[in-house]
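Data block below; observations after.
Any read-out appearing in this document is the output of simple, stated calculations on the displayed coordinates, not a laboratory observation. Keep in mind it's a predicted model, so treat the numbers as computed, not measured. Note that we place each Cβ from the backbone using ideal geometry, even for glycine, and neighbour counts take in every protein chain shown.
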Amino acid sequence: MALMLAIRWIQLVKLIGILNPHNKPGRITIITRMGAENMKVKLPHLIRAVGRAGHIVTWVCGPMHGNAAEAPCGLKTRAFDAILAEVRAFLDVHEQEGSHRGGIHLEMTGQNVTESVGGSQTVTYDDLSSCYRTQCDPRLNGS
């Protein structure tokens, strides 16, 4: 596992150097999508490797994709608590590493959809089909 992580760090650092050879700020955005537990384990190593190489990047958390699951009814969904846990892990890791958190990417709608479970409306698996409107990926609703 450690060897695989090292290879990925090396690949990331090399790729950033190729895509941004003059290290221009704002040119590279790294969107992490890995779930909360992986975020705690893997992200610190990535941040350190990129920092050691002197690369200027923008770090963004994309917690929606690392947390997709199939509900018992067969619909694709996401759990609000898992999304929130990944965002918190992202913020915590960056604070611990002394690095800058650039943003969070969420898939949301102002519509009162029931595509993701949990949240303030406490959408359950049984509620999903009542207003499941996505053609692609489950979104968070406005509340």
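Could you pull out every one of the lysines with an alpha carbon less than 21 Å from that of residue 42, ignoring same-chain neighbours closer than 8 positions?
Result set, ordered by chain and number: 14.
Just to confirm the number: angle between the C-alpha axis of helix 80-97 and the first principal axis of the chain, 0 to 90 degrees, nearest 10?
Tilt relative to the chain: about 20 degrees.
Could you tell me the ratio Rg/Rh of segment 1-91? Both radii from Cα atoms, Rh via Kirkwood. If you can, show how the numbers build up before the last one.
Values: Rg = 15.1 Å, Rh = 14.4 Å.
Rg/Rh for segment 1-91 comes to 1.05.
Which residue, chosen from 74, 43, 84, occupies the Cα position most advanced towards the positive end of the dipole of segment 24-107, where the dipole is computed from +1 (Lys, Arg) and -1 (Asp, Glu) charges on Cβ about the Cα centre?
With unit charges placed on the Cβ atoms, the residue in question is 43.
Once you order the gyration tensor axes a ≥ b ≥ c over the Cα atoms, which shape class does segment 24-71 get: rounded for a/c under 1.5, otherwise prolate or oblate by comparing a/b with b/c?
On the way: a/c = 5.02, a/b = 1.80, b/c = 2.78.
Note, shape of segment 24-71 comes out oblate.
Rounded to a whole number of µm²/s, how large is the Stokes-Einstein D of segment 61-103 at 25 °C and 0.890 mPa s, given Rh as the Kirkwood radius over C-alpha pairs? If you can, show how the numbers build up before the last one.
On the way: Rh = 11.4 Å.
The calculation lands on 214 µm²/s.
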